[in-house]
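No lab work stands behind these numbers, since they all come straight from the coordinates. Just so it is clear, the structure is predicted and the values come from calculations on it, not from any experiment. All Cβ positions, glycine included, derive from the backbone under ideal geometry; neighbour counts span all protein chains shown.
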Amino acid sequence: MKTQSVVAEPVVFERTYNAPIAKVWKAITSKEDMKHWYFDIAEFKPEVGFEFSFVGGEEGGEQYVHLCKVLEVIPQKRLKYSWRYQGYEGNSFVTWELFSEGKSKTRVKLTHEGLETFPKTKDFARECFVEGWTSLIGAMLLDYVEVTDLVKTIEINAPVEQVWQMLVTLEAVTNWAQSFSEGTVVESDFQKGSPIVWKNHKGEIGASGVVSERIENQKLVFYYVDGEETYTEEFELTSKDGKTVLTAKSGPLARLWAKVHDPQWDKALRKIAEGVEK
């Protein structure tokens with residue numbers, strides 16, 4: 001009995017995020033959000049009785065079809081669904097509980113119980129679930145709902161007037177924009193109040209905004225609206241002994257995207273420097 005009690009102990013995680021409760025709720029209930037940090041679920045609705053499935057498993061190992069059914073929903077407070085595996089005995093239950101800790105903080109409690117009903121194999125061992133939820137709750141969800149600013153600085157061996165042209169000339173901007181994705185297309189005249197649109201190689205819009213500030217040879221700011229989120233890209237230039245110190249600031253960005261863009265901005269700034277240091 002003692003051994004079974006230990007095995008039957010549910011997996012419980014609690015974590016407080018620097019994000020409003022509405023944002024965290026959306027992250028755990030929107031399939032478009034979940035695919036970035038959780039699992040790529042074809043269809044999901046936070047409605048009692050809704051059934052969904054997805055495929056997952058240890059990287060390089062066997063992949064399992066997860067079969068789930070929503071059992072309880074209290075918007076922005078509680079979400080519970082069953083969790084079992086196609087072709088295997090057993091059934092478990094996952095419960096998300098959200099608690100507002102102020103305007104921009106949310107405490108999340110995750111409980112996964114019923115693990116003792118699964119086959120006694122390595123892949124269904126409690127330790128595997130602990131490892132999986134540790135990654136999802138402690139890292140993946142954190143990086144998705146919390147935001148940060150990305151700031152990069154480079155000293156360029158060229159006067160500010162030349163570096164400025166690398167930021168407001170369409171051909172030059174298109175060149176260094178390839179650092180983020182090959183085939184990127186930029187549409188703008190870079191005048192204050194003008195639109196700025198970034199498209200991928202397929203012509204699909206990746207970001208659209210407006211040039212919100214332009215101080216010749218000093219500062220350029222792009223302002224973007226992405227759904228309910230807003231962010232800016234700022235470029236500041238200062239002269240230093242005939243050289244230029246260029247600072248690029250992007251944000252607020254989800255930590256997830258900041259990690260992706262970090263090396264891309266390094267490459268972009270090097271391209272800007274190379275464009276005037278020839």
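Which order do Ser212, Ser194 fall in if you start with the one that has the fewest other Cβ atoms within 10 Å?
Going from sparsest to densest Cβ surroundings: Ser194, Ser212.
Within 10 Å of each residue's Cβ, count the other Cβ atoms and sort Ile21, Ile205 from fewest upward.
Result, fewest neighbours first: Ile205, Ile21.
Please compute one quarter of the surface area of the Cα convex hull for the range 2-145 and express it in square nanometres.
8.5
Let me check the size of the chain from its C-alpha atoms; what are the radius of gyration and Dmax in Å?
23.9, 78
In terms of Cα to Cα distance under 30 Å, which lysines are near enough to Lys219, apart from those fewer than 8 places away along the same chain?
Hits, sequence-local ones excluded: Lys152, Lys192, Lys199, Lys240, Lys243, Lys249, Lys259, Lys267, Lys271, Lys278.
Once the Cα gyration tensor of the range 147-276 is found, what semi-axes does its equivalent ellipsoid get, as square roots of 5 times the eigenvalues, in whole Å, sorted largest first?
22, 16, 15
Could you calculate the contour length gain from Gln191 to Val55, that is, 0.36 nm times the residue separation minus the distance between their Cα atoms, to one decimal place in nm?
44.2 nm
If you average the alpha carbon positions of the range 126-172 and of the range 199-278, how far apart do those two centres end up, in angstrom?
Here the answer is 11 Å between Cα centres.
Mind checking the full-extension length gain between Glu274 and Val245? Use 0.36 nm per residue of separation minus the Cα-Cα distance, one decimal, nm.
Once the chain is fully extended between Glu274 and Val245, it gains 9.0 nm.
Given 0.36 nm per residue, what is the gain on full extension from Gln63 to Ser181 after removing their alpha carbon distance, in nm?
Extra length from Gln63 to Ser181 when fully extended: 39.4 nm.
Would you be so kind as to identify all helices of the chain, as entire DSSP H runs, whose Cα atoms reach 20 Å or more along the helix's own axis and whose mean Kyte-Doolittle hydropathy is at least -1.0?
255-276
Which of the lysines could a cross-linker span from Lys69 if the Cα-Cα distance has to be under 21 Å and same-chain partners fewer than 8 positions apart are dropped?
Hits, sequence-local ones excluded: Lys26, Lys31, Lys35, Lys45, Lys77, Lys80, Lys109.
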